[in-house]
Amino acid sequence: MTFEVESDPNEWTYESHDRIVEVTSQENTHEGWAINCPGCGQVHFFDKRWTFNGDYDYPTFSPSHRIFHYINKDGSIATTGCHITITNGVVKFHDDCNHDLAGKVMEFEKFPNV
């Protein structure tokens, strides 16, 4: 799915809540949340298409999040497969992930800080 970002990510501000970072534009518009994934080692961004229960200790993001590729700093594309569901602070790594945590479940609090 392709989507347009309403503001320039280079002008966003980031407020850390331990393992979740809230992302806001310069116009003080909420843009989404970011987490650091221990499975694929990348930051996953949940924008306005996802709902968040507001609980930074036991988060729920809905629907699930599936990532296919990233653009590296050098402009190259890294292909990955990561598919997670976060519900009440429990993270399920779906079987279609292509990393070592595929099929595993872990507590969100065990995620590394962003």
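The values are calculated or read from the model by the stated rules, or taken from the named source; none is laboratory data. Keep in mind that what you see is a predicted model, and the values were worked out from it rather than measured. For neighbour counting, all protein chains shown are included, and Cβ atoms are generated from backbone atoms with ideal geometry for every residue, glycine included.
At a glance:
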read-out	value
Segment 11-28: number of residues that are loosely packed, with under 12 Cβ neighbours inside 10 Å and either modelled with pLDDT of 80 or more or in contact with a helix residue (DSSP H, G or I) (Cβ under 7 Å, 6 or more places away or on another chain) (or both)	3
Lone unmet requirement of (1) under 26 Å from Ser25 (Cβ atoms); (2) among the β-branched types (Val, Ile, Thr); (3) at pLDDT below 85 for Thr79	(1)
